[in-house]
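Everything below concerns the one structure shown next.
The values are calculated or read from the model by the stated rules, or taken from the named source; none is laboratory data. All values derive from a computational prediction rather than experimental measurement. Ideal geometry is used to build each Cβ from the backbone, glycine not excepted, and the neighbour counts take in all protein chains shown.
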Amino acid sequence: MSDLFRTKTPAPVAARRRAPLTTATLKASAVTVGALAGLMVVLQVLNSLSGAALTRNLGIHPRSGDGLLGIVFAPLLHGSWTHLWANLVLVLILGFLVMLGGARQFVGVTAVVWIVSGLGVWLTAPSNSVTIGASVLVFGWLAYLVVRGVFTRDGWQIALGLVLLVLWGSMFWTGIAGAAFGPGQVSWQGHLFGAIGGVLAAFLVARADGGARRPLLPRR
């Protein structure tokens, strides 16, 4: 199971972390994340044509047996085109950055965020609500990228995390605390548990790579 979170196929830790990005890696990252975004667009077309039937049937209905199916599909669905476009840019940017760690790691990180956020919403959201949207992935990937360097003790990853925190860190406040005390149309539960899933994924990646015990600076 830990192999799913490793950066690449087995190699010395330092070599894995210092391996240069290749054109093939960048292309594979762009294609994979672009395909995921394209799937969201296709599903939004179908959702619009069906009068939001996908939302009703495949969203997360809290504490309902049928609602468990929503854990699988909810992050791919959106309530409107505005809702989709609001998430799509960050899905592309953050998903691309996560994918640079390799396809296997991308799947592992995304699976943790997907499951933790889905179960969290299913357990804690209001009973009469239906939750959908890729923002759970956005918050999960962002949290993963921000804290990953803390666990791996890798200087470049810490620097990237700080840059992302400056650019989009305010989302953690507005999307969780702000939404929790707002009018109730935004799923702060999804954002919160997505972020928790991202932190958990960062820990698992560091442990799989042996980075949680690696000093930030080499000892002399």
Problem - Output for region 176-200, where each listed residue is at pLDDT below 95, over 20 Å from GLY70 (Cβ atoms) and not in a loop (DSSP other than H, G, I, E, B) - result: ILE176, ALA177, GLY178, ALA180
Practice task
Output the helices (runs of 4 or more DSSP H) that fall wholly within region 1-103 and possess 2 or more residues being modelled with pLDDT under 95, or say none.
Solution key: 13-18, 23-49
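Look through LEU123, LEU165 and report the one residue that is under 16 Å from the mean Cα position of the chain (by Cα), modelled with pLDDT of 95 or more and either surrounded by 17 or more Cβ atoms within 10 Å (Cβ to Cβ) or part of a helix (DSSP H, G or I) (or both). If you could, list the steps in order and put the result at the bottom.
Details: LEU123 fails: under 16 Å from the mean Cα position of the chain (by Cα).
Within the list LEU123, LEU165, the selection yields LEU165.
Can you tell me how many residues in region 177-196 are aromatic (Phe, Trp, Tyr) and either farther than 14 Å from PRO62 by Cβ or without any contact (Cβ under 8 Å) to a residue 40 or more places away in the chain (or both)?
Of the residues in region 177-196, the ones aromatic (Phe, Trp, Tyr) are 181, 188, 193.
So of that shortlist, the ones also either farther than 14 Å from PRO62 by Cβ or without any contact (Cβ under 8 Å) to a residue 40 or more places away in the chain (or both) come out as 181, 188.
The qualifying residues number 2.
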Fill in the blank from the handout: Only unsatisfied item for LEU160, checking (1) more than 26 Å from GLN44 (Cβ to Cβ); (2) crowded, with 19+ Cβ neighbours inside 10 Å; (3) at pLDDT 95 or above, is (2)
Fill in the blank from the handout: For region 35-48, pairs from a residue that is under 14 Å from THR82 (Cβ atoms) and among the β-branched types (Val, Ile, Thr) to a residue that is surrounded by 11 or more Cβ atoms within 10 Å (Cβ to Cβ) and at pLDDT 95 or above, with Cβ under 9 Å and 6 or more apart or across chains, are VAL41/LEU84; VAL41/LEU88
